[in-house]
Amino acid sequence: MAINLRELALKEERLVSGHRLCAGCGASIIVRMVLNAIDEPVVVANATGCLEVATTIFPFTSWNVPWIHSAFENSAATISGVEAAYRALKKKGEINREIRFLSFSGDGGTYDIGLQALSGAIERGHRAVYICYNNEAYMNTGIQRSGATPRGAFTTTSPAGKVIPGKPQKRKNLTEMMVANGAKYVAQASPSHWRDLMEKVKKAVNTDGPAFLNIYSTCPRGWRTPDNSAISISRLAVETGAWFLYEVEDGKYKINYKPAKGFKPIEEYIKAQGRFAHLLKPENAHILEALKKDIEEEWNRLLRLEEVTNR
Amino acid sequence: MKTQVRKIAIEGNEAAALAFKQVNPDVVAAYPITPSTEVVQKFSEYVANGEVDTEFVPVESEHSAMSACIGASAAGARVMTSTASQGLALMWEMLYIAASLRLPIIMTVANRALSAPINIHGDHSDAMGARDSGWIQIFSENVQEVYDNIFQAVKIAENENVRLPVMVGYDGFITSHSVETIELLDDDVVRNFVGKYRPKYTLLDVDNPISVGPLALTDSYFEFKVAQAYAIENSLPIIKQVGKEYGDLTGRYYDVIEKYKMDGAEYVIVAMSSTVGTAREVVDALREKGLPVGLLKIRVFRPFPTEDIVNALKDVKVVGILDRSMVPGSFGGPLYHEITSAMYHFDKRPIAQAYVYGLGGRDITTNHIEKVFEELMEIGKKGKPNPLTYIGVRE
């Protein structure tokens with residue numbers, strides 16, 4: 001299980017350079033971390049989105065592993081078909097390799113349009129790891145709000161207007177939905193905490209059943225952040241409590257990042273990103289307060305869940 | 001080689017499920033919908049009782065059914081599914097993708113009306129909505145044809161020069177829920193006929209990774225689509241060849257169209273699926289009376305057998321084209337449009353009369369068909385067709 005940096009550096013890349021993702025995009029960093037954490041051969045299903053369009057512009061592909069994209073809302077259903085085929089052909093003795101199955105979707109393809117397919121795949125118990133690279137809005141179509149967009153954030157469909165300053169609603173708690181859905185291993189991770197992320201990937205692929213990973217993924221275009229800040233913003237998200245690192249194994253909660261002196265002020269995170277700029281205006285102070293309350297409530301709930309599930 | 005014939009009385013849906021069982025596919029991913037539900041239901045029994053080796057994926061929607069079929073087929077599995085009506089409509093996005101990715105998925109469709117108003121009965125609106133999706137579309141007249149068409153579909157779809165999905169249609173309730181006596185094939189005969197599926201490229205060949213379904217922009221998309229168009233055009237002789245091979249095996253020969261009493265026929269009805277059976281009765285009766293009537297059945301709608309149809313109709317005076325679906329805002333149904341377009345460039349062609357009938361399962365009786373023939377004869381005298389006519393509707 002232990003991850004050795006020296007050995008990691010020697011591994012062959014499974015998502016190679018030359019793709020057209022933006023500088024500072026979290027997605028390619030995450031995919032490389034995920035694929036390099038896995039020792040077995042993998043097959044990847046990819047929902048329509050930035051990752052898909054930027055990595056496979058015909059006749060090129062950045063994927064050194066078998067990869068399939070069919071549509072936006074169905075990567076979980078697609079990989080469940082691949083996994084079913086694997087079981088069928090293995091049973092007949094036509095395949096004897098151990099292969100792992102992954103699905104990559106953005107938060108659009110996971111939280112929203114792909115939720116039904118994801119829920120069905122997890123309920124049916126296909127052994128696959130369903131990964132959400134979560135950049136908290138629909139970035140491929142040009143920064144529209146999603147169920148993952150935090151309260152108050154600017155997007156092009158939740159603009160910072162005079163009457164409605166940013167997204168009025170709090171985000172959906174998809175990770176908790178996946179726990180309730182019965183995924184055997186569920187975790188939130190961030191590329192700033194790469195060792196934690198890669199260990200979670202290892203646990204997920206070694207889970208005999210469906211696993212879900214919700215991975216925080218920066219978007220310099222959508223968040224109005226510098227393109228050299230992918231990792232520093234990711235770290236700030238974790239340190240200010242904007243993104244919690246935790247895992248749920250067979251229903252047992254474990255919080256992986258619990259600052260002894262408490263979280264840093266959320267203002268540090270807000271100030272670093274143009275998408276929240278309007279929240280610093282005095283007239284929008286109530287939204288910032290509501291966002292803080294969202295975080296506090298979620299954190300307290302998580303602490304209680306950790307306590308009761310480990311009694 | 002004629003094998004020993006085993007006969008059984010069976011419903012259309014059960015016959016489809018039985019054919020699935022005999023093919024013993026690697027993966028079936030399906031979602032129930034009236035009037036196709038029994039296919040999934042019966043097949044689940046085969047799975048539960050260990051009578052097939054199939055991995056059954058009981059998905060949460062038809063969209064996911066076709067998505068899982070696509071994943072499984074790209075992984076190298078032989079894949080089958082079934083649906084109808086709204087289910088096919090929900091799959092619409094994925095139908096195009098299955099065809100464009102050149103995946104030989106087999107799907108039965110118990111053809112049913114589309115909402116609204118919601119109606120569970122038979123018409124061809126669902127399949128006609130998918131006619132441009134790139135699937136091969138075969139329509140079955142009766143339960144025997146449902147059973148026979150499924151085996152042929154597997155062989156057509158997986159042909160190296162085709163590699164396209166095939167939809168086998170049959171009329172909802174009229175055929176799906178009718179018990180008919182059919183001739184069965186033995187399991188080993190079926191397996192020998194369909195052979196083993198050996199795809200060229202699969203996702204599970206992890207040593208030779210492929211990217212399936214990439215982004216193709218202005219410089220390559222068009223070429224992909226044209227290659228796909230050629231593939232379905234080229235499937236026509238293969239469909240005929242498979243129909244002949246199947247005939248040699250069973251005595252039941254299949255072509256892309258069927259000409260019934262067309263010799264010397266001046267007034268002809270064109271129809272698909274179960275209505276053909278009703279029309280046969282009328283043609284027999286009118287022929288007894290000495291009237292020069294005939295019947296043309298369209299078995300394969302995609303690829304459209306243009307030449308076969310044009311040749312079959314070239315000496316006919318008046319043709320009545322019966323569509324069991326409508327194209328609102330147009331002057332005829334899909335079958336009418338395709339046949340009249342096909343005949344446009346030929347000097348020898350009949351007058352064509354458009355009919356729409358049987359929407360939402362409205363009965364079409366021998367009386368209705370007799371009236372159609374009477375009208376065709378009047379049109380023959382008059383020398384020009386009437387506007388689009390709805391059969392059996394209160395206006």
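Loop-located trypsin sites (Lys or Arg not before Pro) in segment B:192-239 (DSSP state not H, G, I, E or B) with no more than 14 neighbouring Cβ atoms inside 10 Å: B:Lys196, B:Lys200. Within the listed set A:Leu35, A:Leu280, A:Leu118, the Gaussian network model of chain A (springs between alpha-carbon atoms below 10 Å) gives the highest mean-square fluctuation for A:Leu280.
Reported to the nearest whole Å, the Cα centre-to-centre distance from segment B:116-141 to segment B:266-321 is 21. Inter-label distance, A:Leu5 to A:Val308: 4.1 nm, where each label sits 7 Å from its Cα along the C-beta direction. Restriction of the trypsin sites (Lys or Arg not before Pro) in segment A:218-263 to DSSP coil positions whose beta-carbon has at most 11 other beta-carbons within 10 angstrom yields A:Lys261. This model, with +1 at the C-beta of Lys and Arg and -1 at the C-beta of Asp and Glu, gives the protein assembly as shown a dipole about its Cα centre of some 1720 debye. Modelled this way, with points 7 Å down the Cα-to-C-beta line, the labels at B:Ser115 and A:Arg224 are 4.3 nm from one another.
Rounded to the nearest Hz, the phi-derived 3J(HN,Hα) couplings of segment B:38-53 under the Karplus curve 6.51 cos²θ - 1.76 cosθ + 1.60 (θ = phi - 60°) are 4, 4, 5, 4, 5, 5, 4, 5, 4, 5, 4, 8, x, 8, 9, 9, where x marks glycine and proline. Seen against the Cα atoms of chain B and their longest principal axis, helix B:366-382 is set at about 60 degrees.
Taking the helices alone, chain B has a mean residue ellipticity at 222 nm of -13000 deg cm²/dmol, built from -39,500 (n - 2.57) per DSSP H run of at least 4 residues and averaged over all its residues. Label zone of B:Glu245 (point 7 Å out along Cα→Cβ, amide N under 16 Å): in segment B:13-57 this covers B:23. Here segment A:5-309 carries DSSP beta bridges of which approximately 35% are antiparallel, counting only pairs with both residues inside. As a length-normalised measure over Cα pairs under 8 Å and 6 or more apart, the relative contact order of chain B settles at 16 percent.
Dipole magnitude for segment A:110-191: about 160 debye, using +1 per Lys or Arg Cβ and -1 per Asp or Glu Cβ, origin at the Cα centre.
Counted by neighbouring Cβ atoms within 10 Å, the residues B:Met377, A:Met198 run from fewest to most as B:Met377, A:Met198. The residues packed around B:Met94, meaning those with a beta-carbon under 11 Å from its beta-carbon, carry a net charge of -3 if Lys and Arg are +1 and Asp and Glu are -1. Hull volume per residue, based on the alpha-carbon atoms of segment A:5-309 and their convex hull, is 129 Å³. The GluC sites (Glu not before Pro) found in segment A:25-101 that occupy coil by DSSP, while having at most 12 further C-beta atoms within 10 Å, are A:Glu98. A:Val34 sits among other residues whose Cβ lies under 14 Å from its own Cβ, and their net charge, with Lys and Arg +1 and Asp and Glu -1, is +3. Sort segment B:257-391 into rounded, prolate or oblate with this rule: let a ≥ b ≥ c be the square roots of the eigenvalues of the Cα gyration tensor; rounded if a/c is under 1.5, and if a/c is not under 1.5, prolate when a/b is larger than b/c, oblate otherwise. Rounded is the answer for segment B:257-391, as its axis ratio a/c remains below 1.5. Taking the number of Cβ atoms within 10 Å of each Cβ as an exposure proxy, the fewest-first ranking of B:Ser341, B:Ser44, A:Ser80, B:Ser140 is B:Ser341, B:Ser44, B:Ser140, A:Ser80.
Residues in segment B:364-395 near a label at B:Glu288, defined as backbone nitrogen under 15 Å from the 7 Å Cα→Cβ point? Inside the label zone: B:366-367, B:370.
Rounded to the nearest 10 degrees, the angle from helix A:115-124 to the longest Cα principal axis of chain A is 40 degrees. Between A:Lys293 and A:Glu267, the FRET efficiency estimated from the beta carbon spacing at R0 = 25 angstrom works out to 0.95.
Specify the angular offset, from 0 to 90 degrees and rounded to the nearest 10, of the alpha carbon long axis of helix A:75-91 from the longest principal axis of the alpha carbons in chain A. Long axis of A:75-91 versus the principal axis of chain A: about 20 degrees. Stretched out straight at 0.36 nm per residue, the stretch from A:Ala23 to A:Asp250 would grow longer than its current Cα-Cα span by 78.0 nm. In order along segment B:214-222, the phi-based Karplus estimate (6.51 cos²θ - 1.76 cosθ + 1.60, θ = phi - 60°) of 3J(HN,Hα) comes to x, 7, 10, 9, 4, 7, 9, 3, 4 Hz; Gly and Pro are listed as x. Taking 0.36 nm per residue of sequence separation and removing the Cα-Cα distance, the B:Asp188/B:Asn208 pair yields an extension gain of 3.9 nm. Taking R0 as 25 Å, what FRET efficiency do you get between B:Asn367 and B:Tyr344 from their Cβ-Cβ distance, rounded to the nearest 0.05? Between B:Asn367 and B:Tyr344 the formula returns 0.15. What the Cβ-Cβ distance of A:Lys258 and A:Lys281 gives, at R0 = 41 Å and to the nearest 0.05, is a FRET efficiency of 0.80. Amide H to amide H distances under 5 Å link A:Ala189 with A:Asn214, A:Ile215, A:Tyr216, where only residues 5 or more positions off or on other chains count and H is placed in the peptide plane. Arranged from fewest to most other beta-carbon atoms within 10 Å of their beta carbon, B:Glu160, B:Glu378 become B:Glu160, B:Glu378. Between B:Tyr253 and A:Arg301, the distance separating the two model label sites (each 7 Å from Cα on the Cα→Cβ line) works out to 7.0 nm.
We did not get these values from a lab; they are worked out from the coordinates using the rules stated. This structure is a prediction, so every number in the text was calculated from the model and none was measured. Positions of Cβ are backbone-derived with ideal geometry, glycine not excepted, and every protein chain shown enters the neighbour counts.
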